[in-house]
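To start, the structure itself, in C-alpha cells.
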Amino acid sequence: MIDNITVFPYEPMSLTTGFNRITLGNPRLFFQFIRGLRSEQDNVILSLDNNPVSANHVMLFLGDAATPPDLNSLLLKDVLAKLTESFADIELMEIHDLYANLHNQIQQKVWMEDLPLTLASTFDVKKIISLYKPSIMLEEPASIFEEIRDIVELMGALHEQRTLVMLHITQYCQIAQIKSLHQYLLDQEIQLLDIECTDQHSGLEGIRDHYVDRDYVQFT
C-alpha cells in the first residue's frame, strides 16, 4: 500500500485502505499521469511512510475495468507459491513416493531400450506442478463489479500488499456497488486506486476522492 501520490506540480494526494479515486478532467494530464506511473517518471512520486517507493514494488496495474486483466502474467507465480507452501509434510511424502515410482518406471524403460539418457532424480514439487500447466481461472463474472470483487478476493487470499490500480471503475459500476466494493476492500485490508478521465465529477461519500479539473485546478 502507499500513503500518497504526488503529481507535480500538485499537492500530494493521500490514499488509504479500501477504494480510492483520482479523477482527472484533462485527458492530457490523465495520460501523463498513467505514463508516469507505468514508466516511473519523475513527475509522479509514490510515498510510503514519507519515503519514496518504486511503483513496480508497491502497485499492481490491472488496466481498464472493462478489459479482463491477464491474471496469469500478474499473479500466477504468487498463486503457485501459496499452493507449494500449503502442502503438509505427509502430503509431500505422498507426492514424493508417487514421483519416485514414476521415475523408476521411466528409468527401467530407458535401460530396457538401451538409450543414452540420464534422468534427473531431484524431487521438486514446483516442477511437478508445472507439468500440469496450471493457470488461473476465475468463475465467469456476471458484471464488471463481480469481476473486480473476484480479483479482490484472490488478492485477499494471497495476502497481497500491493495497491491495485484500475481505470474507470466508477464509469462501469453503480454507486451502491462502489460502496459495497469499498467495504469488501476494507474487510480484506486491500487498497485499490481507481483513476478516471472525465470532467463530470461527483463526490463519493466515505471514500478518499481527489479531483483535478479540465483547467488543472485541484480539489480534494
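Summary of computed values
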{"quantity": "Considering residues of the stretch 33-46 that are surrounded by fewer than 17 Cβ atoms within 10 Å (Cβ to Cβ) and modelled with pLDDT of 85 or more only, the residue nearest to Tyr216 (Cα to Cα)", "calculated": "Arg35"}
{"quantity": "Hits in the stretch 123-145 - residues which are more than 30 Å from Gln177 (Cβ to Cβ) and part of a loop (DSSP other than H, G, I, E, B)", "calculated": "Phe123, Asp124, Leu131, Tyr132, Lys133, Pro134"}
{"quantity": "Verdict on Ser14 being of a type in the set (S, T, N, Q) and loosely packed, with under 14 Cβ neighbours inside 10 Å", "calculated": "no"}
{"quantity": "Every residue from the stretch 32-84 that is among the basic types (Lys, Arg) and under 12 Å from the mean Cα position of the chain (by Cα)", "calculated": "Lys77"}
{"quantity": "Matching strands (runs of 3 or more DSSP E) fully within the stretch 9-77 where at least 2 residues are within 21 Å of Leu186 (Cα to Cα)", "calculated": "18-24, 44-48, 59-64"}
{"quantity": "Hits in the stretch 85-122 (condition: surrounded by 10 or more Cβ atoms within 10 Å (Cβ to Cβ), part of a loop (DSSP other than H, G, I, E, B) and over 41 Å from the mean Cα position of the chain (by Cα))", "calculated": "Leu117"}
{"quantity": "Residues (of a type in the set (Phe, Trp, Tyr) and closer than 20 Å to Met13 by Cα) located in the stretch 45-89", "calculated": "Phe61"}
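The values are calculated or read from the model by the stated rules, or taken from the named source; none is laboratory data. This is a predicted model, so every value here is computed, not measured. Cβ sites come from the backbone with ideal geometry, for glycine too, and all protein chains shown count toward neighbours.
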